[in-house]
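See below for the structure under consideration.
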Amino acid sequence: MRSIRRALILFFAVPGAILANPWAEVPGPIKGPPRAIGETNNGCVSGAAALPTEGDGYLVMHLERKRYFGHPSLIRTIQTLGKRAHETIGVIQVGDLSQARGGPMPFGHRSHQTGLDADVWFNLDPGLYSNADGWRANIPAPSLLNRAGNGLDRRLWSTQHARLLKLTATIPEIDRVFVNAHIKRELCRTVRGDRSWLRKIRPWYGHHDHFHLRLTCPAESPECVRQPPLPAGDGCDSSLSWWFQKHPPGPTKPEPPKPPMPDACQVLLNGD
Ligand SMILES: [Zn+2]
């Protein structure tokens with residue numbers, strides 16, 4: 001009932017009421033032991049923690065979205081990544097994690113629902129840093145692709161980006177990292193020595209102005225649905241070249257009906 005009331009309030013209070021989404025309006029995380037529940041694109045998180053909006057080696061962007069919550073393991077992971085980055089790269093800009101109780105967002109992502117996903121921007125330009133809220137809400141994340149979108153912008157891409165991706169992929173709790181196929185291809189071509197971490201770097205649509213890191217299901221989260229395991233190898237194979245081939249438009253399949261959210265999520269949404 002409470003959630004219906006919240007949704008109604010939002011419906012009448014916010015222009016563009018189509019965006020109404022009770023998950024974006026919860027008063028805060030549910031307290032208690034942390035649990036990631038369901039799938040990253042159909043789930044929620046209990047006992048989430050908030051990532052402090054700045055810390056050693058990182059700044060959280062778009063504070064106004066209130067998407068700086070996650071499973072405590074995700075919060076620790078970002079803090080670890082910030083510290084590692086600070087030693088060799090600089091300050092990283094952290095985009096969306098999850099809402100206070102996870103769940104679907106009114107805009108921007110299909111995943112990020114279980115407190116195990118986070119975006120990190122590729123912008124590493126120290127000349128741009130400010131911690132002003134207004135700056136963080138308005139600065140665009142620059143794309144690393146060239147204007148035609150058929151390769152990297154060589155003025156922007158640097159070995160620091162490769163270093164940051166390696167720092168990320170070698171954190172044990174991180175299951176996989178999504179980047180644009182052009183970025184994966186660059187790594188495949190240039191990384192020497194230890195290439196084992198490339199396995200975790202997965203090509204995906206978009207992801208040219210940020211990368212997306214996803215944790216494995218944490219311990220003590222029996223309702224967390226694991227992703228299929230990554231294929232063996234560094235991924236610099238036909239699965240990568242697929243992204244650069246022309247694909248004839250296939251028959252358009254209707255979207256399969258969305259499965260209902262786990263019952264535990266509905267309980268969590270309505271809890272205090
Ligand atoms: Zn993401």
Can you name every residue in segment 17-61 that is open to solvent by 30 Å² or more (accessible area, probe 1.4 Å) and at positive phi?
Gly32
Can you name the condition, by its number, that Thr190 falls short on among (1) open to solvent by 30 Å² or more (accessible area, probe 1.4 Å); (2) more than 14 Å from the ligand (Cβ to nearest atom); (3) at positive phi?
(3)
Of the residues that make up segment 244-265, is at least one within 16 Å of the ligand (Cβ to nearest atom) and under 30 Å from Gly32 (Cβ atoms)?
no
Considering only segment 94-106, I want to know if a residue exists there that is within 25 Å of Pro228 (Cβ to Cβ), surrounded by fewer than 18 Cβ atoms within 10 Å (Cβ to Cβ) and not β-branched (Val, Ile, Thr).
no
Within segment 163-180, residues open to solvent by 20 Å² or more (accessible area, probe 1.4 Å) and closer than 19 Å to Val91 by Cα come out as Arg163, Lys166, Leu167, Thr170
Can you name the condition, by its number, that Ala181 falls short on among (1) within 17 Å of Pro34 (Cβ to Cβ); (2) away from the ligand (no atom under 14 Å from the Cβ); (3) at pLDDT 95 or above?
(1)
Taking into account only those residues within segment 218-251 that are at pLDDT 95 or above and of a type in the set (Asp, Glu), which is farthest from Cys44 (Cα to Cα)?
Asp237
Determine if segment 131-153 includes at least one residue that is under 21 Å from Glu87 (Cα atoms) and either in contact with a helix residue (DSSP H, G or I) (Cβ under 8 Å, 6 or more places away or on another chain) or modelled with pLDDT of 95 or more (or both).
no
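Here is a yes/no grid of residues against (1) open to solvent by less than 90 Å² (accessible area, probe 1.4 Å); (2) under 23 Å from the mean Cα position of the chain (by Cα):
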residue: Arg202; (1), (2): yes, yes
residue: His208; (1), (2): yes, yes
residue: Pro222; (1), (2): no, yes
residue: Thr252; (1), (2): no, no
residue: Lys258; (1), (2): no, yes
Can you tell me which residue in segment 116-147 is most open to solvent (accessible area, probe 1.4 Å), limited to those that are within 13 Å of the ligand (Cβ to nearest atom) and outside any loop (DSSP other than H, G, I, E, B)?
Trp121
When segment 65-80 is examined, which residues are found to be among the basic types (Lys, Arg), in a loop (DSSP other than H, G, I, E, B) and open to solvent by 30 Å² or more (accessible area, probe 1.4 Å)?
Lys66
Give all pairs with beta carbons closer than 6 Å in which a residue from segment 93-115 that is away from the ligand (no atom under 11 Å from the Cβ) and of a type in the set (S, T, N, Q) meets a residue that is open to solvent by 10 Å² or more (accessible area, probe 1.4 Å) and part of a strand (DSSP E or B); count only pairs at least 6 apart in sequence or on separate chains.
Gln93/Leu59; Gln93/Trp121
Out of curiosity, is Ala169 at pLDDT 95 or above and of a type outside the set (Val, Ile, Thr)?
yes
Candidate set: segment 148-162, residues that are in contact with a strand residue (DSSP E or B) (Cβ under 8 Å, 6 or more places away or on another chain) and in a loop (DSSP other than H, G, I, E, B); chosen: the one nearest to His62 (Cα to Cα):
Asp153
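The values are calculated or read from the model by the stated rules, or taken from the named source; none is laboratory data. Worth saying up front: this structure is predicted, and the values here are computed from it rather than measured. Positions of Cβ are backbone-derived with ideal geometry, glycine not excepted, and every protein chain shown enters the neighbour counts. Keep in mind that these areas ignore ligands, DNA and RNA; they rest on the heavy atoms of the full protein, side chains included. Shrake-Rupley method; radii C 1.70, N 1.55, O 1.52, S 1.80 Å.
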